[in-house]
Amino acid sequence: MSGSPLSEPVFLILLMLAEGPRHGYAILQDVERWTEGRVVLRTATLYTALRRLVDDGRVAEIPDPDGDPRRRTYRITAAGRALVREETARLREVVGLADRLATGGRGG
């Protein structure tokens, strides 16, 4: 995953987990709330992304804090936090370029 831009859903999932551990439904709700309804994740999108993030070591599945064995709870790992920092830096560069070019500035 590193080196290439993250999809918006994956980035948002990681951001929600950067705030603290969450179960899947809470991630769905938080993404919708934080994006003011602009992004509404589908369950399949969420769990596909989470499975890939777990497989890549960016997210870990942990026991549910409330003890519900049916609920899957996730937390971001150090590797996931590093990926968030990397993507945030990339986005800052893109926004900086967009600001310069949109106002008639020259790149490079």
C-alpha long axis of helix 43-55 to longest principal axis of the chain, angle in °: 90 degrees
Size of charge dipole - region 8-102 - debye, nearest 20, with Cβ of Lys, Arg +1 and Asp, Glu -1, no other charges: 120 debye
Cα principal axis extents for the chain, largest first, Å: 56, 28, 21
At R0 = 25 Å, FRET efficiency that the Cβ-Cβ distance of Arg92 and Thr45 yields, to 0.05: 0.45
Max mean-square fluctuation residue, GNM over the chain, Cα-Cα springs under 10 Å, options Asp68, Asp30, Asp56: Asp68
Karplus-derived 3J(HN,Hα), 6.51/-1.76/1.60, for each residue of region 72-88, Hz, glycine and proline x: 8, 10, 10, 9, 7, 9, 4, 5, x, 5, 4, 5, 4, 4, 4, 5, 4
Range in the chain, longest, excluding exposed trypsin sites (Lys or Arg not before Pro) [loop by DSSP; at most 10 other beta-carbon atoms within 10 Å]: 1-37
Positive-end extreme of charge dipole, the chain - chosen from Ser7, Ile76, Leu28 (charges on Cβ): Ser7
C-alpha long axis of helix 8-19 to longest principal axis of the chain, angle in °: 60 degrees
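Readers should treat all values here as calculations from the given coordinates under stated rules, not as data from a laboratory. The structure displayed is predicted, hence computed values, not measured ones. All Cβ positions, even for glycine, are placed from backbone atoms using ideal geometry, and neighbour counts span all protein chains on display.
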